[in-house]
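Readers should treat all values here as calculations from the given coordinates under stated rules, not as data from a laboratory. Treat the numbers as computed from the prediction; the structure is a model and nothing was measured. Backbone-built Cβ (ideal geometry, glycine too); neighbour counts: all protein chains shown.
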Amino acid sequence: MTEPSTIAQIQTQWQQSWAQAKLVWSPYVKLREPQWCLSSTEAAHEGLTGSFAMIRLNDHRIVIDLEKVHQEGVADFALEVLAHEIGHHIYTPANLYDNASMLSRIRWGLADIENRAPFVANIYADLLINDTLQRTKDLNIAGVYQQINKTAAFSNLWMFYMRTYEYLWKTERGALASHMDLHSPKIDADASLAASLIRSYSKKWLDGAGRFAALMYPYLLEEEEYQKARKSSLLILDAETAGESGGTISGMASIDMEGMMGAIDPRLEASRLEGKVGADTAAGYNPQGGEGPKQGYLSPSKYIDFLRQLNPKADEQELLNNYYKEIALPHLIDFPREMNAPTSLALPEGTESWDTSDPVDEIDWIETTINAPIIVPGFNTLKRLYGPDESESDLKKPLDVYLGLDCSGSMGNPRIRFSWPVLAATIIGLSALRAGAKVMGCLSGEPGSFMETDGFVTSEKDLLTLLTSYLGTGYAYGIPRLEKPFGQERRSKSHVIIVTDQDLFSMLAAKKEPGEESNWVIIEKALKNAGGIGTLVLHLHPGSHKSEIAQLEAMGWHVYYVTNEEQLLKFSSEFSKNNYQFKTH
Amino acid sequence: MIELYPLLFHLRQCPEIFLCNVDGEAENHPQSYILLKDVYRKVYGSFNVEEQLLPPLHSAWRHQFNDKQLITFQIACWFFSHPFFNSKPSLLPSINAFLFEDLVQLSPLVSPRAWIEDEDRAEEFIRLALKRCHIPITGESTAASADRFDALSTTKRIEIITDTNMSIERIKEIRRKMEEEKAREAANSYGRD
């Protein structure tokens, strides 16, 4: 085949190969034709730089830079390149969720260098796809690499990568790893393990991702070596940003135990004698290092880092909201179900024409006679309509809820470390919203500053954005904040929950300017005007501040003691169930 | 000279019975012993051959080897039952060395089933056997064969990997100490603030 001399000719040739490339995988593959970029500038606008092809999972597209294709001399490999890109869409990573799962597993194998996970994921996926195409689909993928190698800057990692293909495809030494001076027994041993791994995990490729990362770990550990590896691999990085603009992937806040335990270094496995059990994770990760309930979750900062690696365009605040929402989800009340109490159609609601196809006993003779003294069935006969006999007294409206959180200097930043008070507030807030109530949130670290929602809101986003914010000022929740929602009696009743610690008593006793109401008066009035249950969740040992507690209880406040923050979870789950759960009798 | 793939195919067809029973029915002669004698006779080219013409297997033979090793011998018996090895008595000393030196040395490192189920181990098994018997592989130069065998060799790989693991551990240790130092400095500066 002679090489087409112009970009337009290449485009025609590649367009003609598209249908055949889809057939390589299956006659049922349905993908839109790639976006053909006639110049590298045009390709850069689409986000394609470095390589001559790339995929996007969010819109299931393939982008081809035809100018680069021409420059790199791969124009004759249209079928191979296109089939490879299709492989990313239908084999690995295939979709945004699997892409996220693969990246999550790879991160466990790359302790301290997690930022290199997308690079490793791309190389792993390429090995899986290329091995399938070369060995089972009879495509000349080796030819593509021989062409790329003419200009590639060889690094240790590139050698490892090429040697892996040599082992997979049983070619002569040097057929792909052509720089003989870089050959070494160490690279050979690693490549041989990688080849076995690619073959063993070709079907359950997610399970092999952590092991592959561990195998690549030494090649990426040092910055200089990593940069060399990147430089040599730049031309093949076609799926590194595949998850961009893919929104927020659910289910990523919890620690993937299977993935973590799968990040075993194959070198350790291979050097372990037969029969000796025990897995060493490559990353040396401590399984006790999780945060949140049962230590089963990533820290918020790691979660955000991970999700932004998947989708650099993701909004950080949205990710943080999603993090606490995901952890809160198992503790939320069920969505209220519609009450289907058996009701009878007993209330007369006017008449309509009776048709000859209707039952005869439905005719309302009185109305028919009043309407027309001469009765012509089907023409002027009438039937009565009945409406449901419902009692509105059965429909209970859930009370709104006010959530006041102490956000003073003693509280941790929920963006950096997992925060139990924020989780508790999220559970109560979202449960209330589910039940149809409105929620007002207030973060207060006073004296100093406070933040609150714009009154009682129904927006989940507004509420979560408020709850996951951080002040770190003052020493306690500011009681005067209750003035705004409960200065006057509310038309809709509301529960009031304040989460704080013993500094509340200093706040209550704070001196006011002459003429101002004392905080004791404000807190009493607030509960009265709210009309619901008032709960003070205090990080305090029962028995302390007895007289003040007695005074608060006399006002009607319930005091819930927590001695460790995990008890907040229990409180919030119980509160949500007691006040917002639909009860079946 | 022989092609590799027919042998690979033959080895991977090893019947399950060869993998699960070492003692068999006979009281004094375990299954492995009987199979070995049979395969020696087959390679010799006659079942009426006198005992002394075959490699010796003395009476305490059973107690020298564990079950895993005996199963590995049985897999080898299956392998050498391939028609290519029939009536080649000159191979008997090499086969004997392969069984009682090479396979015994590898038995702590490779499970018997891996010789059949793992593609690389199966190829290593065959290349090692052919190397012992000085039989070249069709279509491969001596250098290419040696290179391919080196790539598959379990013992060689374990030597390299052990070195690599030690060097990775060293790098990890350095990084860990650097991290600790950084954390200590951060804690000191926090304390001063």
query = What list do you get for B:34, A:255, A:106 if you sort them by fewest beta carbons within 10 Å?
reply = B:34, A:255, A:106
query = How many Cβ atoms of partner chains, on average, are near each residue of B:154-161 if near means within 10 Å of its Cβ?
reply = 6
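Fewest Cβ neighbours within 10 Å first, please rank B:35, A:298 accordingly.
Details: B:35 21, A:298 25.
Least crowded to most crowded, the residues run B:35, A:298.
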remark   = Amide H neighbours of residue A:351 at under 5 Å, excluding residues fewer than 5 places away on the same chain, with H built from the backbone geometry, are A:385
remark   = The local net charge around residue A:422, scoring Lys/Arg +1 and Asp/Glu -1 for residues other than residue A:422 whose Cβ lies under 14 Å from its Cβ, equals -2
query = How high is the relative contact order of chain A, given as a whole-number percent (alpha carbon pairs under 8 Å, six or more residues apart)?
reply = 10
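Quote the charge dipole size of the range B:103-187 about the Cα centre in Debye, to the nearest 20; the model charges only the Cβ of Lys and Arg (+1) and of Asp and Glu (-1). Don't jump to the answer; show the numbers that get you there.
Values: 15 positive and 17 negative charges, 38 e Å.
Rounded to the nearest 20 debye, it is 180 debye.
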query = Which of the listed residues, B:63, B:46, B:7, is farthest toward the dipole's positive end in the range B:4-152, when Lys, Arg count +1 and Asp, Glu count -1 at the beta-carbon?
reply = B:46
ask   = If contacts are Cα pairs under 8 angstrom and at least 6 residues apart, what is the relative contact order of the range B:4-152 in percent?
value = 29
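Within a 10 angstrom radius of the beta carbon, how do A:190, A:503 rank from fewest other beta carbons to most? Don't jump to the answer; show the numbers that get you there.
Numbers: A:190 27, A:503 18.
Least to most surrounded, the residues fall as A:503, A:190.
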key: Value of [θ]222 nm, deg cm²/dmol, for chain A, DSSP H segments ≥ 4, -39500 (n - 2.57) each, nearest 500   = -13000 deg cm²/dmol
request  = In debye, nearest 20, what is the charge dipole magnitude of chain A about its Cα centre with +1 on Lys and Arg Cβ and -1 on Asp and Glu Cβ, if you could check?
outcome  = 1140
request  = List every residue whose amide H lies under 5 Å from the amide H of residue A:297, counting only residues 5 or more places away in sequence or on a different chain, with H placed 1.01 Å from N in the peptide plane.
outcome  = A:255, A:291
note = A correct Karplus calculation of ³J(HN,Hα) over the range B:145-159, with 6.51 cos²θ - 1.76 cosθ + 1.60, θ = phi - 60°, whole Hz and x for Gly and Pro, returns 4, 5, 5, 5, 5, 4, 5, 9, 4, 5, 5, 5, 4, 5, 4
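Dipole magnitude of the range A:478-585 about its Cα centre, charges +1 at Lys/Arg Cβ and -1 at Asp/Glu Cβ only, in debye to the nearest 20?
Values: 13 positive and 13 negative charges, 103 e Å.
Dipole about the Cα centre, nearest 20: 500 debye.
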task = Step through the residues of the range A:202-208 one at a time and calculate ³J(HN,Hα) from phi using the Karplus curve (6.51 cos²θ - 1.76 cosθ + 1.60, θ = phi - 60°), rounding each to whole Hz and writing x for Gly and Pro.
result = 5, 8, 9, 5, 5, 5, x
Dipole of chain B, positive direction: furthest Cα of B:75, B:144, B:94, with charges on the beta-carbon = B:144
message = What does the charge count around residue A:559 come to, taking other residues whose C-beta lies under 14 Å from its C-beta (Lys +1, Arg +1, Asp -1, Glu -1)?
response = -2
request  = Enumerate the calculated ³J(HN,Hα) couplings along the range A:408-422 in order (Karplus 6.51 cos²θ - 1.76 cosθ + 1.60, θ = phi - 60°), each rounded to whole Hz, writing x wherever the residue is Gly or Pro.
outcome  = 7, x, 6, 8, x, 6, x, 7, 8, 10, 4, 10, 5, x, 5
remark   = Amide H neighbours of residue A:562 at under 5 Å, excluding residues fewer than 5 places away on the same chain, with H built from the backbone geometry, are A:538, A:539, A:540
remark   = Farthest towards the positive end of the dipole of the range A:400-580, among A:502, A:519, A:571 and with Cβ unit charges of +1 on Lys and Arg and -1 on Asp and Glu, lies the Cα of A:571
